[in-house]
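Data block below; observations after.
The values are calculated or read from the model by the stated rules, or taken from the named source; none is laboratory data. Quick caveat: nothing in here was measured; it's all calculated off a predicted structure. Positions of Cβ are generated from backbone atoms using ideal geometry, with glycine treated the same way; all protein chains shown enter the neighbour counts. When the accessible area is computed, the model is the full protein with side chains, heavy atoms only, and any ligands, DNA or RNA have been set aside. Shrake-Rupley method; radii C 1.70, N 1.55, O 1.52, S 1.80 Å.
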Amino acid sequence: MQVQLAGEARRPDRESEDFAAATSEALVLLDGSSSPTGLESGCRHGTAWYVRRLGVHLLARLTDRPDRSIAECLADAIAETAALHGGRCDLAHPNTPAAMVVAARRHGASLEYLVLGDSLLVLEPADGPPRVIGDNQRFPAGEELRRQVWSTVPGSAERAALHLEYTLAVRAARNSGTGPWIAAASPKAAAHAETGFVPLAGLRAVAALSDGAARFTDRFGLGSWGDALRLLGESGPAELIAQVRAVERTDATCERWPRGKAHDDASALYALL
């Protein structure tokens, strides 16, 4: 694989909670689940710390354990990262650091993939339309509350209160069997990821995007997924993120394109096969 990647924090003064890395055989992209400022997590490390360590452990497992399925590799990486917290972190806390995950690796004559959460893997076939995989852990019970958040004024006390209510509802339900699954402290979440194999002979390239970068198509409609793949291949991931940022700046109040944050951490990875 020939890989290009880029990432940008949502604000210059904040640490990105995304992580992207690759070898010539495997790639990973993680999008940390951010929390409202001041919300207790039970962890002294934080989301950015967690995402980086989980990403590194997952990439290592993908490359050194071909005998383990990609879901088993994620489960192993979650367990290994949980062990790094130590006894001072409460990993049973519903707001313990967590992340969406995209991963792929060459496995014989196929590409093996995994997606957990609202980040996306986009397959670019040699012929035919792109195939988009991901956004597979929706939370229907919280959709109305999320729409209420989007209908309020960014930065207002009303939005902050509704966002906190939505966040607490998601945290209470996730990884419980009644809500979305996400990579946190329990390895069993890996079994709920979307996984599969695609013959390499029919693939030209693959792209992985956090939801902040996927706004190019999903939220702003700057082009189709075919357009996004062409932009990634011709100008690189940094240009795709730059175009997303340019649109965000024209709608700082989130009125034209309702969304939870005016800007989000954005990461994109493009691998030519």
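Quick notes on this structure:
- So S119, is it of a type in the set (S, T, N, Q) and over 17 Å from the mean Cα position of the chain (by Cα): no
- Scan of region 131-168 for residues that are of a type in the set (V, I, T) and farther than 20 Å from D218 by Cα, ordered by number: T152, V153, T167
- Within region 95-119, if we keep just the residues that are aliphatic (A, V, I, L, M) and open to solvent by 10 Å² or more (accessible area, probe 1.4 Å), the residue that is nearest to T37 (Cα to Cα) turns out to be M100.
- Search result, residues across region 120-162 that are of a type in the set (K, R) and either open to solvent by 30 Å² or more (accessible area, probe 1.4 Å) or more than 29 Å from R249 (Cα to Cα) (or both): R131, R138, R146, R147
- Of the residues making up region 33-48, none is farther than 26 Å from A173 by Cβ and acidic (D, E).
- Residue in region 35-44 that is touching a strand residue (DSSP E or B) at 6+ places or on another chain (Cβ under 8 Å) and either open to solvent by less than 40 Å² (accessible area, probe 1.4 Å) or of a type outside the set (K, R) (or both) present: no
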